[in-house]
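These notes concern the structure reproduced below.
Nothing in this text is a laboratory measurement; each read-out follows from the coordinates by a stated rule. From a predicted model like this one, the values you see are computed outputs, not experimental measurements. We place every Cβ from the backbone using ideal geometry, glycine too, and count neighbours over all the protein chains shown.
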Amino acid sequence: MTAPPVTETVLPLTAAQSGMWYAQALDPLSPAQNTAEYLEIDGPLDPALFAEALRRVAAEADALRVVRVEDTPDGPRQYVAHPDAAEVPLTVREPDTVAEAEAWMRADLAAPCDLAAGPLFRHALFRVGEDRWLWYQRIHHLVIDGFGHSLLVRRTAEVYAALARGERPGPRTFGRLADLVADDAAYRSSQAFAADREHWTRAFADRPQAPRLAGRGALPSHTFRRRTAHLSPETTQGLRDLAARLRATWPDVLIAAQALYTSRVTAQPDVVLGLPMMGRMGSVALRVPGMVMNVLPLRLAVTPEATFAELVRQVVLGIREVRRHQRYRYEDIRRDLGLLGESRGLVGPLVNVMPFDYAVDFAGAPARAHNLSAGPVDDLTVNIYDRADGRGLRIDHDGNPALYEDEDLAAHQERFLHLLDRLAGTDPRLPLAAHPVATPAERELVLEEFNRTERAVPPTTLVGPIEAQAARTPDAPALVYRDTTLTYAELTARANRLAWHLRSLGARPGAVVAVSVPRSVELVVALLAVVKAGAAYLPLDPDYPAQRLAYMLGDAAPVCAVTDRADRLPDGTGTPLVVLDGLDLSDRPWTDPARALTPAHPAYVIYTSGSTGRPKGVVVPHRAIDNRLRWMQHAYGLTAGDRVLQKTPSSFDVSVWEFFWPLREGATLVVAEPGGHKDPVYLARLIREQSVTTCHFVPSMLQMFLAGPDAADCAAPLRRVFASGEALPRETAQAFARALPGVELHNLYGPTEAAVDVTYHACDPADPGPVPIGRPVWNTRLYVLDAALQPCPPGVPGELYLAGVQLADGYLGRAELTATRFVADPFGPAGARMYRTGDLARWTARGEVEYLGRTDHQVKLRGQRIELGEIEAALAAREGVDGACALVREDRPGEQLLVGYVTGDADPAAVRAAVARELPEHMVPAAVVALDAFPLSPNGKLDRRELPAPVFAGSGDGARQPSGPVEEALTRLFAEVLGVGRTGPDDAFFDLGGTSLLAVRLVGRIRAELGAELTIGTLFEASTPAGLAARLDATGRAAEDALDVVLPLRTAGGRPPLFAIHPAGGIAWCYGGLSARLGPDQPLYGIQARGLNSDEPLPRALAEQAAEYVRHIRAVRPHGPYRLLGWSVGGVLAQIVAVLLQDAGEEVDLLAMLDSFPAEQWRERPAPEEGDALTAVLRMAGFERTHERTREDVMATLSRAGSPLAGLTDRTLSRIVDIVPNHARMMREHHHRVYDGDLLFFTAAAPRAQHWLHHGAWRAHVTGPIVNHDLDCVHSQLLLDRQLDEIAAVLTARLKELGA
Amino acid sequence: MALTLERIRADVADCLGEDPADIPVDENLVDHGLDSVRIMALLERWRREHGIAADFADLAERPAIEAWAPLLGAA
C-alpha cells in the first residue's frame, strides 16, 4: 500500500493577513508579530495523548498547517499542507520552576519568524509539578488572532477529552481558510467596501492628531514592556453595575474611562482610541481559526462639562457606528488619509477587551490562560481580560519601550486603576471635571511638595533698599554709560531732584508717570526718580510708532511724561511733558523725597500685546517686584564688585531687574548704547571692555551672540548669564558651555503679569533633553492644570497657572479682562488668586517645570510676546482688507518668520507699509500675502497649516546688473542666505524675508568670503547689496567661492603659507578659527574636496586626489618649503601630498595631523554608510550626532548652534553624502609610501569606541620622530575653542622654530 | 418556559438600550449595536431562565432575531 500523494494548497492572503505580511517584511528581524500564550493546566495530563490531540486539531485547522508564506509576482501566497501531512512537533520538558519555563518561552518568543521558511508556530509542554502542566503555543499573527487562539484551545481540549475517554472526537467544527480568502475577496469588490471607505475617509478627513500618552510617536519596536494589575473584585462588580445602570457593557465603561484618561493626559479634547475588533460577527469567520481581527478608530469628544454617563453613551453609539464599517482595514484607512506615507498614526492607546474566558478543561483538569504577547505594540495597548477566576478584571498595560519606561507604564496603570475606582463609586451624572487623573500621592507632590517656597520677607518696596544702599556706599560707582560714571551719591542726587520736581506735578503713590527716554544716564535717573516720588513708571519705547504711544498715554492717563526732548512724544495727547533737555532742577532738594508708599502700591505699568487688538497695561505692585529682587539676591548673591549690563529695552520687563537689582546691592550698572542690544559684536566688546559680570539674553539673541567671533573673549569677566523671554534650546545651552566655560547660565521664566520671573533653573552642560524652566521662586506656587482644572501629575502636560506674592494687580482699567486671567486659586487660602499663563507645561519628576508651548495664538518672536490677534486686527482695519490672519512660520529650520495673510483687493505691500506705521517693529509681518480665500478644514475652520509660505522674490531679471565684483558677490550672498532665486543690487534685506538670525548668517558669510569686517549694525543701516558694497572697503577682495578647492582663509602675511586639508566631509571652513589664532603674519589656505559646488566626478583614489591638491598648492606657492596640516582624512591626504611634493624634489618642513590614522588601520573595518554623511557634517561643526535623524534635524541643530554650515545648500549637502563614503572607500584602498621627515601629531585622547586607533601606526610611513600631543576631547571637538587654542599654540611655536 | 419571538426581541432591545419597537426582526443586529459581549450576556440570561442549548457561534454567525428563533426554540 502506498501513501497518498501529499499536496499543498496555495492561497492568496486576506487583506488582514497582508497587513501582517507587510509589517513583517518591513522589519524581517522583528519578533513583534509573534503571538503567544500558555495555558496552566491543573491536573494529570498524558503528553502522548495531548500530542495526538494537537495533531488532530492541526489536521482540522488550516491555519496550523500554513507551512510558509512566499512572495510571488502575483503577491504573497500561503502554502497549506494537506491534512494528512499535519505535523505538530511538541517540545516536552520538565523544568525545575515555572520561572524557568517562562524564561524558555520568552526566549522562544524573542526569535523572529522567517515566513518564507516556516514553521509559523511552536508548541511546548512543560511539566512544572506532579500534576501541573504548562502548554505554550506561539503562532505568527499572520495566521491567527486572539479569537482564533480561543477556537484552537477549545477544540484541543474537546479532542483530548474524547481521546482520554477512549472515544472518537466529535466531527470537525472549523470553517476553511479558503472560505475566509473568498469572503475577503468578495467584500473587497463589493459596494459595502466602497461605502465603508467613504465612511472612514469622511469621518477622519481632518486627520486629527493621534493622542499619545508619551507626547510623541515612535517606530514600532521589536518588543514591548508589560505591566499587569488586577482590578479589585469590588471595583469590577461596581463597574458592571454601573454599566448595567447606563444600559451599556463593562467594556463600554472601560473604553470611556480610557478616553477620559487619555484626553486629560494628552490635553486633547478630541480623542481617537484604537479598538481591536474580532470582526467575525455574522460571518463565516466565526468558525475559522485565523487572522481576522482589525483595529478601528473610535473618535470621542471629551469635555470637562460632560458627564461620565454621557461619555459612556457616546462610546456605545460610537462603537455601534464603527461596527457598521468594521471590515474596512485600519491600514487602508491610514493609506486613504495619506497617513501611511508620513508614518503617522491615527489612533492613540489601544483598548483591547477580551471578554472570552477559556473556561476549558482537559479531561477534568482545569486550565487557565496566560497571554504572553498579543502582537505588535506601536504605542500603548491596554489589554483587559475577564477571566472567570473571581479575581476581578486583569489589566495589562503593554508599552513600546521606545516610548515608555517601566515607571511610565506603572504610573499610567496606577492612575487608570485609581480612576476606575473613582468612577465605579461616583454618580455618573457628575461632570467629568470632578475626576482627577493624578493619584492622591501625586496630587500632594505637585500641589504641596514642589511648591514649598514660603519665605518671610520684610515689607519693603522696590526703592527703599536702593536708598539704603546709596546711603551706605555713596562713593561707589553706581552707573557707567560711555565715558560717564556716576557714584551712588551723584545718581541719588540727580534722581532726587527730578523726583521732587515730579512730585510737584502730581507724582505720588498710586499715580503713573510715563518715561520715554532712549537708553542713557538720563533714562536711569528718570526711572529712579519716578519710583522715588512714589509713582509707578510707565516705560514708552521711543522707537514705537506715534499711534501706539498715543494709545498708551490715553489708556494709562499718566500725571506727566518724562522725555529727553520735546518732540519725542506725539502731539495732542494732553499729557504734561517734563523735557529733560534744558531742564534746570538745581533749586530742587537733593534729599530723598517724602512719600507715603506701601508695598501694595504699583511700582510700574508695562504694556503687552493684547489679543483683541488693544495692548494692555500690566500693573505690578512693589511687594511683587521686591520679593522677586530679594529672591534673586538670595539665589545669585550680587556683590559690590559685580557689574550688570543694562541692555534690555525698558518696555520689556526683564529690564526691571537690570535697572534696580544692582542699585539695591551696591553693584555697578553698565548701560549699553541705544540699539546696541541688537549687535552681538558690540555687546561682546562692551562686556569685555567694561568687565561686565552679569547680563541677560533672550535665547535667540544668545544664539547670535555665541555665533559671533568674539563671544569666547567674554569668558573672563562674565560670571553669570540669565536667559529668559522664550524657550532656551539645549543646543544653545551647550554652545554656551563650549564658548563660555565656567560661566553660569540660568534659565528664568515668567510673564509680565508676575513680576518678571517666577521660575529658575541653573543649566548643567551635562544634562540632556529640553532645558526646564525650573522651580518656583520665593512665595510662589506653580500649578499645571488640565482642562478640568485638576492638577496634572509629573510628566503630563497642562496649562501653567501661577499664584503667590508676585502676581500683578491686573490690567490697568480692564477689570473684566483681569477677571478672566486672574482667577480664584482653588488650592490656596481663601481669597487667593492665580494667573492663567496660557503656557503649556509639565512637571518633571524632580519638581521642575518644562515649558512646552502655547495654548493659544500668542507667540514669542525673539523674546517678544506677540498676540497674533492684535496683528490680525491691525491688518483687518486697513481699507480693502476683507479678512486677515497672522502666524509665525518656520519653513526653514530655526528661522521664524511672522507672516500676515489678507483677502480682499488691498495691495499687500501697501498693507504691510501701513501696519508698520502702527505696530512696533517686532510685530510687523515680514511679509503680507494676499489670498483669494482662506484655506478651510473640512469642518469649516481656518486651516492654518494650509496657508502658503510667502514667496520672496528679488527684483530678478528686471534688476540692473551689479556694478563690480563686490556688488555681484553681495547680490549672490543675499540670494543664498535669503533662499530667494535672485536679488538685485537695490533689494533690501529685510523686505525679502530677512530676519535677525539670517542677518547674523549673512554677515558671517560676508566676513568669510570677502574678508570684510562689518557688524550687524552696518546691515541695519545699509540693507541693500549696493549700499553695503559702498560701505565696504573699496579695496575689498573680489568674492571667492567658499566651496572652491582652494579656500583662502588668510592671504596676507610674510611667512610661508600653511595648507590645511579638509576632513571627511570635504569642507575646510573648520580651519577658520585656526587662522585667527596663528596671527596676522601667517597665511592659511584651506584645501577642499572637488565637486562641492559642481558636478565634477569624485576622485577614484587618494593618490589621484592628492596629485590634484599638489597642483592647486603649487599654483599658490610654486616652490617649497611646504607646510601641511590635516584633520581626520585630511591628515592622511597631507601625508600623500607631502610624499608627492618630495617626489618632485620639493622640501616639506611641516607635516601636522589632527587625529588622522593610516589606511591599514581602517582596511578591515566596515566602511560607513550613507547616513554617516550627516554625522560628518555635524562633526565638521564640532558635534557628535545624537537625536538628529533626518537632514532637517541636522540643519536645525547647526542652525540653533549658529554654525555657518547651516547655510549649506541642498546640492552641496547631497554632494557631501557622496563625498563621505567615497573617502571611506579610498582610505581603505590606499597603500602608503614613506614620507621623509617627522610628524607633528594631535590625538583626541578622550576614550573612544575605536580604541585600536593609535598614532604609532604612522611609524611605518614616516622616517623621522613622531611628536604627539594628547588633547582631552573627542575627535569631533578637536577644532573647538579650547583644543584649538592648544593646537594653535603648539603650531605657532613649531612654525617659529622653522622660521620664515 | 420557552422563549417567544417577542421575548427575544424585548431582551435584545433591553441590552441595546432601545425600545423593542425599534428592533427589526429580520435585520443584522450588529448594525443596531449588538456585539459579542452583549450576545454573551443574552446567552447567559437565556440559558439561566430558559435553558436554551445554542452556543455563541450559533448566534453570532447570523445575528438577527428571525434567524435566532429556531435556534432558541421559539419558532
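Taking label points 7 Å from Cα along the Cα-to-Cβ direction, residue A:594 and residue A:93 give a separation of 9.5 nm.
Shape of chain B from the C-alpha gyration tensor: rounded (a/c under 1.5, with a ≥ b ≥ c the square roots of its eigenvalues).
Between amide H atoms placed 1.01 Å from N, distances below 5 Å from residue A:538 occur with A:513, A:514, A:515, A:605, all of them 5 or more places distant or on a separate chain. Overall form of region A:211-434: rounded. Here a/c, set by the Cα gyration tensor axes a ≥ b ≥ c, is under 1.5.
Projected label points at residue A:1193 and residue A:1290, each 7 Å from Cα along the beta carbon direction, are separated by 3.4 nanometres. Residue-wise HN-Hα couplings along region A:785-798, as the Karplus relation 6.51 cos²θ - 1.76 cosθ + 1.60 with θ = phi - 60° gives them from phi, are 10, 8, 4, 8, 6, 9, x, 7, x, x, x, 9, x, x Hz; Gly and Pro carry x. The local environment of residue A:304, defined by Cβ-Cβ distances under 13 Å, has a net charge of -3 under the rule Lys, Arg +1 and Asp, Glu -1.
Just want to confirm a number: the relative contact order over region A:1041-1154, from Cα pairs under 8 angstrom separated by 6+ residues, in percent.
Relative CO of region A:1041-1154 lands at 29 percent.
Across every pair of non-identical alpha carbons in region A:620-759, the mean reciprocal distance, once inverted, gives a Kirkwood radius of 15.1 Å.
Please identify which residues in region A:248-283 have an amide N closer than 16 Å to a label point set 7 Å out from the Cα of residue B:44, following the Cα→Cβ vector. Under 16 Å, as judged by backbone N against the label point of residue B:44, lie A:248-254 of region A:248-283.
With a Förster radius of 25 Å, plug the Cβ-Cβ distance of residue B:62 and residue A:197 into 1/(1 + (r/R0)^6) and report the FRET value to the nearest 0.05. Plugging the Cβ-Cβ distance into 1/(1 + (r/R0)^6) gives 0.45.
Here is how the number arises for chain A: DSSP H runs of 4 or more residues each give -39500 (n - 2.57), the sum is divided by the residue count, and the result at 222 nm is -10500 deg cm²/dmol. Counted by Cβ distance under 14 Å from residue A:474, the other residues give a net charge of -2, where Lys and Arg count +1 and Asp and Glu count -1. Taking each residue as 0.36 nm, the span from residue A:27 to residue A:168 lengthens on full extension beyond its C-alpha to C-alpha distance by 46.3 nm. Panel order for A:439, A:249, by other beta carbons found within 10 Å of each beta carbon, from fewest to most: A:439, A:249. Computed 3J(HN,Hα) for region A:455-465, one whole-Hz value per residue from the Karplus formula 6.51 cos²θ - 1.76 cosθ + 1.60 where θ = phi - 60°, is 8, 6, 10, x, x, 10, 10, 4, 9, x, x, glycine and proline marked x. Spacing of the modelled spin labels on residue A:1211 and residue A:949, each 7 Å from Cα toward Cβ, amounts to 1.8 nm. Close amide-amide hydrogen proximity is noted between residue A:1046 and A:1088, each under 5 Å apart and 5 or more residues distant or on a separate chain (H modeled in the peptide plane; Pro and chain starts excluded). What shape does the protein assembly as shown take by its C-alpha gyration tensor, where a ≥ b ≥ c are the square roots of the eigenvalues and a/c under 1.5 counts as rounded, a/b above b/c as prolate, and the rest as oblate? Because a/c hits 1.5 or more and a/b fails to exceed b/c, the protein assembly as shown counts as oblate.
Within 10 Å of the Cβ of each residue in B:29-41, the mean number of Cβ atoms contributed by other protein chains is 6. For residue A:277, the residues whose amide H sits under 5 Å from its own are A:294, A:295, A:296, ignoring neighbours fewer than 5 places away on the same chain, with H placed 1.01 Å from N.
With a Förster radius of 22 Å applied to the C-beta separation of residue A:1297 and residue A:1044, the computed FRET efficiency comes to 0.10. Stretching residue A:566 away from residue A:633 to a fully extended chain increases their span by 20.3 nm, per 0.36 nm per residue minus the current alpha-carbon distance. For q values of 0.18, 0.23 Å⁻¹, compute log₁₀ I(q)/I(0) with the Debye formula on a Cα-only model of region A:324-454, without solvent. These q points yield log10 I(q)/I(0) values of -1.21, -1.35.
Rounded to the nearest 5, the antiparallel percentage of DSSP beta bridges internal to the protein assembly as shown is 65%. Please give the residues of region A:1229-1245, grouped as numeric ranges, whose backbone N is less than 15 Å from a label point set 7 Å along the Cα-to-Cβ vector of residue A:1101. Residues passing the 15 Å test: A:1229-1234. Using the average count of surrounding beta-carbon atoms within 10 Å as a protection proxy, the listed peptides A:498-508, B:49-59 rank, highest first, as A:498-508, B:49-59.
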